[in-house]
Amino acid sequence: MGQNLRRREVVADNSMTTWHKRDWQQFYELARRPWQRHRPPRPVYPTGINRVLPAQGFSLSELDDAGVDLDLAEQLGLPVDAGRIGAYGPNVTVLRDFVRSSRQPL
């Protein structure tokens, strides 16, 4: 019986506290700030003359042409689609620019 009381005391000590007004102000200030890092670009693929559609991820050849290996792509949050074949020029250009901008401190 003494063990049950001890457990209840421990649970009561670890309970959550409610946020004060200053906590909410800090939360909303943080939520309103712009992103510190750039969001990763979205890959596209051509579907005809002057038409592109969003792709699931960048192909391995696009990553290779841009000089990005799989580890770096994972660190940067880039989507990768191993099933896509070929490289689309605008995707490679966007990847190169994104990698350059991510290396520079903000």
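The values are calculated or read from the model by the stated rules, or taken from the named source; none is laboratory data. Just so it is clear, the model here is predicted, and its values are computed rather than measured. So basically every Cβ, Gly included, is an ideal-geometry build from the backbone, and we count neighbours across all protein chains shown.
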Restricted to segment 40-61 and to residues being at pLDDT below 95 and among the hydroxyl-bearing types (Ser, Thr, Tyr), the residue farthest from Val94 (Cα to Cα) is Thr47
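Residue by residue, here is whether (1) on the phi > 0 side of the Ramachandran plot; (2) in contact with a His (Cβ under 8 Å, 6 or more places away or on another chain) holds:
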position	(1), (2)
Asn50	yes, no
Ala73	no, no
Leu76	no, no
Ile85	no, no
Phe98	no, yes
In segment 62-77, the residues that are more than 14 Å from Gly89 (Cα to Cα) and more than 16 Å from the chain's Cα centre (by Cα) = Val68, Asp69
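Results for (1) in contact with a Pro (Cβ under 7 Å, 6 or more places away or on another chain); (2) of a type outside the set (Lys, Arg); (3) free of Cβ contacts under 8 Å to residues at least 12 places away in the same chain; (4) part of a strand (DSSP E or B), shown as yes or no for each residue.
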residue: Pro41; (1), (2), (3), (4): no, yes, no, no
residue: Tyr45; (1), (2), (3), (4): no, yes, no, yes
residue: Leu53; (1), (2), (3), (4): no, yes, yes, yes
residue: Gln56; (1), (2), (3), (4): yes, yes, no, no
residue: Ser61; (1), (2), (3), (4): no, yes, no, no
residue: Asp65; (1), (2), (3), (4): no, yes, no, no
residue: Ala73; (1), (2), (3), (4): no, yes, no, no
residue: Leu78; (1), (2), (3), (4): yes, yes, no, no
